[in-house]
Amino acid sequence: MQEIQLKSMVAKARECIADSERAGVERSSEGLEKGRFVLFHAAMSFCSQKVRATLSQRGVAYESNEMLILASRNQEGKLIAAENYGPDYVRLRRLGQAAGSGVLADAYSGVSSVSSCGLDACAVPTLVDLKTGEVIVDSLRICIHIDAAIPGAGSLMPKVQEDRQKVLRQLEAVDLTPHPGLLYGFHPDSDRRPALIKDGMRTVYDEKIEALNALISSNSDDPALIQAYRAKISKESGGKTLQFDAAFQKILRTSTRDRLVELNHDLERSTTDWLCSDSLSLADIFWAVSLVRLRYLGLAVLWEDLPLVEAYFRMVTSLQSVREEVVSATIASMPPSAYLATDVLERAF
């Protein structure tokens with residue numbers, strides 16, 4: 001896409017953010033590739049944290065557009081849709097659809113992987129590369145794209161093909177971990193999520209669907225937009241159906257445990273401090289984000305008998321990029337959790 005047209009669409013998407021202080025903010029202004037990258041993201045978003053940690057680790061400058069991704073009600077009780085549902089943001093995000101998954105996500109699996117589930121056109125993060133004219137909508141592809149764009153030392157993707165394949169396998173493992181399902185769902189036996197999370201999640205799907213139906217009514221002249229909103233309604237309706245499904249919630253917990261066991265095995269096989277190669281890789285960044293989110297939800301119990309995973313957690317959370325863009329962001333943007341306190345930031349590995 002031509003740069004002028006793309007910048008115009010970015011500007012319109014930026015207007016979906018109610019507070020101008022969260023829009024068009026220059027981050028790491030002294031970093032590499034200044035003026036190239038525009039990021040739409042959310043502080044609490046798991047996938048956004050992967051991208052921001054990658055940008056930070058590589059020392060990349062970017063324009064930050066921080067969105068509120070949950071609906072709210074004003075003093076009169078009127079529902080205010082999440083900012084990432086805004087028509088102009090959805091139009092921008094759909095530009096990346098053909099380059100990633102060609103289909104819209106319209107079913108619920110508890111997983112947010114674009115490559116396996118399709119594109120959620122009302123989600124974050126979205127990266128715009130003004131240099132190449134690309135809109136990238138899959139956090140895994142975004143992080144690989146950022147790393148490839150930065151020359152010189154510090155690459156997070158190994159050049160050796162064998163190590164690169166190891167990294168890609170770990171990225172997929174994190175990508176397919178059901179983080180949305182674990183955050184939104186009610187486990188029948190041991191739901192350790194903060195009380196405020198539980199309270200909010202009881203009505204979250206109803207509010208999403210209400211907001212989306214209102215947006216369909218107010219954008220009846222835009223078939224492509226309506227298609228995206230209807231796919232989103234279908235997906236969120238599926239989430240509501242499975243939110244209290246005991247068998248489904250147990251499957252999510254079991255699959256997460258299985259991935260942690262496999263991580264422990266991979267750490268046993270590793271001959272270096274890092275998971276896949278002689279130096280820090282994207283695999284370590286992705287797993288750091290995953291483990292922080294699991295710990296926040298009280299699910300570190302899933303690796304309490306896996307000592308290598310706990311040691312690995314301590315190591316990857318000692319990275320400044322992870323401390324700032326994952327741990328601090330989680331503590332600042334989400335309700336307090338007894339399982340993720342500031343002591344994680346205070347200690348050194």
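Provide Rg and Dmax in Å for the range 67-169, with only Cα atoms included in the calculation.
Radius of gyration, then largest Cα-Cα span, for the range 67-169: 16.8, 59 Å.
Report relative contact order for the chain in percent, whole number only (criteria: Cα-Cα under 8 Å, sequence separation at least 6).
With pairs under 8 Å counted, the relative contact order is 19 percent.
Note down, for the range 257-307, the three equivalent ellipsoid semi-axes (square root of 5 times each alpha carbon gyration tensor eigenvalue), biggest first, whole angstrom. Please list the in-between numbers first.
Numbers: eigenvalues 78, 36, 11 Å².
Over the Cα atoms of the range 257-307, the ellipsoid semi-axes are 20, 13, 7 Å.
Based on the mean of other beta carbon atoms within 10 Å per residue, what is the order of 177-183, 10-16, 289-295, most packed first? Write down the numbers at each step before the final one.
On the way: 177-183: 21.9, 10-16: 19.0, 289-295: 24.4.
The densest-packed peptide leads the list: 289-295, 177-183, 10-16.
Mind pulling up the Rg/Rh value for the chain? Radius of gyration and Kirkwood radius, both on Cα.
Radius of gyration relative to Kirkwood radius: 0.95.
Over 10 Å intervals from 0, what percent of Cα-Cα pairs in the range 35-76 sits in each interval?
26, 47, 17, 9, 2
With charges set only on the Cβ (+1 for Lys and Arg, -1 for Asp and Glu), what does the dipole of the range 96-174 come to about its Cα centre, in debye to the nearest 20?
Numbers: 6 positive and 9 negative charges, 47 e Å.
Computed about the Cα centre, the dipole is about 220 debye.
So for each of 115-123, 272-280 I average, over its residues, the number of other beta carbons within 10 Å; can you give me the resulting order with the highest mean first?
Output ranking for 115-123, 272-280: 115-123, 272-280.
Taking +1 at the Cβ of each Lys and Arg and -1 at the Cβ of each Asp and Glu, which of Ile144, Ser109, Gln165 sits farthest along the dipole of the chain towards its positive end, judged by Cα position relative to the Cα centre?
Highest projection toward the positive end goes to Ser109.
How many lysine pairs does the chain hold where the Cα atoms are under 14 Å apart and the two sit 8 or more places apart or on different chains?
Working: Lys7/Lys131; Lys34/Lys131; Lys78/Lys208; Lys198/Lys240; Lys208/Lys232; Lys208/Lys235; Lys208/Lys240; Lys232/Lys240.
Eligible lysine pairs with Cα atoms under 14 Å apart amount to 8.
Assuming R0 = 51 Å, what is the FRET efficiency of Thr132 and Val301, from their Cβ-Cβ distance, to the nearest 0.05? Show your work: numbers first, answer last.
On the way: r = 44 Å, r/R0 = 0.86.
The formula returns an efficiency of 0.70 here.
Set Lys and Arg Cβ to +1 and Asp and Glu Cβ to -1, take the dipole of the chain about its Cα centre, and tell me which of Phe37, Pro178, Gln243 lies farthest positive.
In the chain, that residue is Gln243.
Nearest 20 debye, what's the magnitude of the dipole of the range 133-253 about its Cα centre given +1 on Lys and Arg Cβ and -1 on Asp and Glu Cβ?
Values: 16 positive and 17 negative charges, 81 e Å.
Its charge dipole is roughly 380 debye.
With +1 assigned to the C-beta of every Lys and Arg and -1 to the C-beta of every Asp and Glu, and no other charges, what is the dipole magnitude of the chain about the Cα centre in debye, to the nearest 20?
280
Taking the C-alpha atoms of the range 1-104, how large are the radius of gyration and the largest Cα-Cα span, Dmax, in Å?
When restricted to the Cα atoms of the range 1-104, Rg and Dmax are 14.7, 46 Å.
Taking +1 at the Cβ of each Lys and Arg and -1 at the Cβ of each Asp and Glu, which of Pro307, Ser220, Ser328 sits farthest along the dipole of the range 182-335 towards its positive end, judged by Cα position relative to the Cα centre?
Looking along the dipole axis, the top candidate is Ser220.
Hey, got a sec? Which trypsin sites (Lys or Arg not before Pro) in the range 100-169 land in a DSSP loop and have at most 12 other Cβ atoms within 10 Å?
Answer in residue order: Lys131, Lys159.
State log₁₀ I(q)/I(0) for the range 226-349 at q = 0.09, 0.15, 0.20 Å⁻¹ as given by the Debye formula over alpha-carbon point scatterers of equal weight, solvent excluded.
-0.33, -0.81, -1.14
Every read-out reported here was derived from the displayed coordinates using simple, explicitly stated rules and does not represent laboratory data. In this text, all values refer to a predicted model and were calculated from it rather than measured experimentally. No Cβ is skipped: glycine too gets one built from the backbone with ideal geometry, and neighbour counts run over all protein chains shown.
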